[in-house]
Amino acid sequence: MKVTVVGAGAVGASCAEYIAMKNFASEVVLLDIKEGYAEGKAMDLMQTASLNGFDTKITGTTGDYSKTANSDITVITSGIPRKPGMTREELIGINAGIVKSVASSLLEHSPNTTMIVVSNPMDTMTYLVHKTTDLPKNRIIGMGGALDSARFKYRLAEALDAPISDIDGMVIGGHSDKGMVPLISHAARNSVKVSEFLSDDRMKQVVEDTKVGGATLTKLLGTSAWYAPGAAVSSLVQAIACDQKKMFPCSAYLEGEYNLNDICIGVPVLLGKNGIEKIVEIELSDAEKAKMQESAEGVSKTNTLLQV
Ligand SMILES: NC(=O)c1ccc[n+]([C@@H]2O[C@H](COP(=O)([O-])OP(=O)(O)OC[C@H]3O[C@@H](n4cnc5c(N)ncnc54)[C@H](O)[C@@H]3O)[C@@H](O)[C@H]2O)c1
């Protein structure tokens, strides 16, 4: 199992670290354009191997795609992150060019790969990969919902004063402050709906805190977060590498599902060795359906800025 992570910055390195710590991949290649950066991150991470007890071999390269050849899974984290006060959509100008050329270079050496797109605005970058490559739609996966759901569970556990392992919840829709649709009506503590424990006002607060989860951290850190994003990517990589058939909300290309067409947006999917093995259509309330529709309009509007 060979995994390539393009972009050895905050998210890429964190992702490589969690993949190695989970010890399911034989090899992780980090690639960056900054001279020596990926090699340095890879060496530093390898020096944690004896301490953290993993056997995954991590190597780094400055722009040499031949080193990524025959990667089973490729992850794109290259591009600029947002600064405080910025929206993810504002990154499109620079990141679209980077993502398009990185995807094409990766495919030259790994034509049968499964590609995970992380760079923002993620749903539009996933759509861009769909439109500019020949990869089948099940092999193009956008990571956003897995992170947003982890943040939702964090906020629910906080509101309920409960351990996170008791909490179940999912965020679908676009990976943006306005576009996220946290499914509060489905959220539960050990099968008991959270509405049994929380007032309407508290639930609204949880939803709002979840939607600005990334922006809150960007304000605190001065750049976007990396631990939870890296962990979320590593969970998707593991589900595919180990054929787990696990369900995550991921940005997937839709052709009629959820009444949406020609768009990549967050919906529940099953991940296994073939990438997206199934798009799961769940029952949504009328309010959730309306929010999903509004979210899709936002993503489509950003997609129109692409020159494909
Ligand atoms: N989808 C999500 O949930 C999510 C979460 C967090 C961050 N992000 C996004 O991920 C991206 C990376 O964030 P970060 O915090 O790691 O940024 P970062 O600046 O720390 O790292 C980005 C890296 O990409 C490299 N890079 C730029 N152009 C490249 C190219 N053409 N080829 C190879 N490498 C290239 C840079 O040299 C840099 O090291 C951003 O777009 C950010 O918005 C997405």
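None of the figures in this text is laboratory data; all of them are computed from the coordinates on show. This is a predicted model, so every value here is computed, not measured. In this analysis, Cβ positions are derived from the backbone assuming ideal geometry, glycine residues included, and neighbour counts consider all displayed protein chains.
Things to note:
- Flagged links, alpha-carbon separation over 20 Å, of Lys137/Lys246; Lys178/Lys278; Lys22/Lys100; Lys131/Lys178; Lys34/Lys137; Lys245/Lys273: Lys178/Lys278; Lys22/Lys100; Lys131/Lys178; Lys34/Lys137
- Cβ-based net charge around Gly275, under 13 Å, with every Lys or Arg adding one and every Asp or Glu removing one: +3
- Close amide H contacts of Lys246 (hydrogens built in the peptide plane, cut-off under 5 Å, sequence separation of 5 or more or a different chain): Leu271.
- Relative contact order (percent, whole number), the range 151-308, Cα cutoff 8 Å, 6+ residue spacing: 22
- Estimated [θ] at 222 nm from DSSP helical runs (n ≥ 4, -39500 (n - 2.57)) normalised by residues in the chain, nearest 500: -13000 deg cm²/dmol
- Mean separation of Cα contacts under 8 Å, 6 or more apart, over the residue count of the chain: relative contact order %: 18
- Per-residue ³J(HN,Hα) for the range 119-133, Karplus 6.51 cos²θ - 1.76 cosθ + 1.60, θ = phi - 60°, Hz, x for Gly and Pro: 4, 9, x, 4, 4, 6, 5, 5, 4, 4, 5, 4, 7, 10, 10
- Footprinting exposure proxy ranking of His175, His109, fewest other C-beta atoms within 10 angstrom first, gives His109, His175.
- Glu27 long-range amide H proximity, modeled H, under 5 Å: Val3, Lys57
- Taking the range 162-217 and dividing mean pair separation by its residue count, relative contact order in percent (alpha carbons under 8 Å, at least six apart): 30
- Using the Karplus relation 6.51 cos²θ - 1.76 cosθ + 1.60 with θ = phi - 60°, the per-residue 3J(HN,Hα) values for the range 72-80 come to 6, 10, 10, 10, 9, 10, 6, x, 8 Hz, with x marking Gly and Pro.
- Taking the C-alpha atoms only, the angle from helix 37-46 to the longest principal axis of the chain is near 80 degrees.
- Whole-Hz ³J(HN,Hα) from phi, Karplus 6.51 cos²θ - 1.76 cosθ + 1.60, for the range 295-308, glycine and proline x: 4, 5, 4, x, 5, 4, 5, 5, 4, 5, 6, 6, 9, 10
- Of Lys100, Lys245, Lys219, the residue with the greatest mean-square motion in the GNM of the chain, using alpha carbon springs below 10 Å, is Lys219.
- Listing Lys211, Lys153 from fewest to most neighbouring C-beta atoms within 10 Å gives Lys153, Lys211.
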